[in-house]
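Read the structure below first, then the notes.
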Amino acid sequence: MRLENSFDVPATPEAAWALLNDVERVIPCMPGAELTEVVDEQHWKATMHVKLGPIALAFATDVERTTVDEAAGRVELSARARELRGRGGAQATIVSSLAANDSGTSVTIVTDLTMSGAVAQYGRGVVQDVSQQLVQRFAECLAAELRGDEPAAVNGNETAAAPAERTVEPVGGLSLAFRALWRSLLRLVRGR
């Protein structure tokens with residue numbers, strides 16, 4: 001499944017590039033994400049916490065930066081996630097690219113995602129809508145980081161706090177799923 005998201009940040013491409021390549025600053029901006037290990041400059045381990053109603057899921061994720069093209073403002077990551085209790089997993093290739101615009105920088109994220117196991121039961125429309133909501137939260141946090149705002153809470157996470165000082169709240173998957181389902185139903189009704 002291919003997911004495309006884009007957002008603008010109020011910073012030069014150089015400042016946006018520096019932030020997007022600083023994993024310790026970016027991870028706290030991702031709702032439900034926790035950096036667990038820096039293996040080296042190109043490899044990281046993280047945990048993604050998701051809560052679907054009464055079900056709490058945690059995904060161990062191995063991330064590798066496979067391509068860096070600073071001149072083109074393009075970074076490619078490969079991620080392999082597995083649910084810690086064996087309920088499924090996902091593989092993704094994530095390509096982020098930057099382009100200058102009138103208000104700062106446009107960030108485009110293209111994700112090729114393959115899901116397996118129980119997590120694969122969610123439909124493409126729901127996954128796309130949830131993805132867009134998560135990217136919106138991520139973009140708001142990045143914009144705050146680039147403006148130098150005081151720490152802002154993103155899904156319970158203080159974005160500028162040191163990793164040891166913050167508590168990772170699981171992404172509220174059920175509320176996101178209900179909003180995504182509502183949007184899908186509205187598109188269906190409007191299409192008639």
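Bear in mind that the values in this text are calculations on the coordinates, not laboratory data. From a predicted model like this one, the values you see are computed outputs, not experimental measurements. All Cβ positions, even for glycine, are placed from backbone atoms using ideal geometry, and neighbour counts span all protein chains on display.
Odds and ends about this structure:
- Subtracting the Cα-Cα distance of Gln136 and Val39 from their residue separation scaled by 0.36 nm leaves 32.1 nm.
- Which of Cys29, Cys141 has the fewest Cβ neighbours within 10 Å, and the rest in rising order: Cys29, Cys141
- Taking other residues whose beta carbon is less than 15 angstrom from the beta carbon of Ile94, and scoring Lys, Arg as +1 and Asp, Glu as -1, yields -2.
- Between the amide H of Ala11 and those of Thr105, distances stay under 5 Å, these residues lying 5 or more places away or on another chain, with hydrogens modeled in the peptide plane.
- Charged-residue dipole, Cβ positions (Lys, Arg, Asp, Glu), the stretch 1-98 about Cα centre, Debye nearest 20: 640
- Applying 0.36 nm per residue to the separation of Asp22 and Ala56 and subtracting their alpha-carbon distance, the gain on full extension is 9.4 nm.
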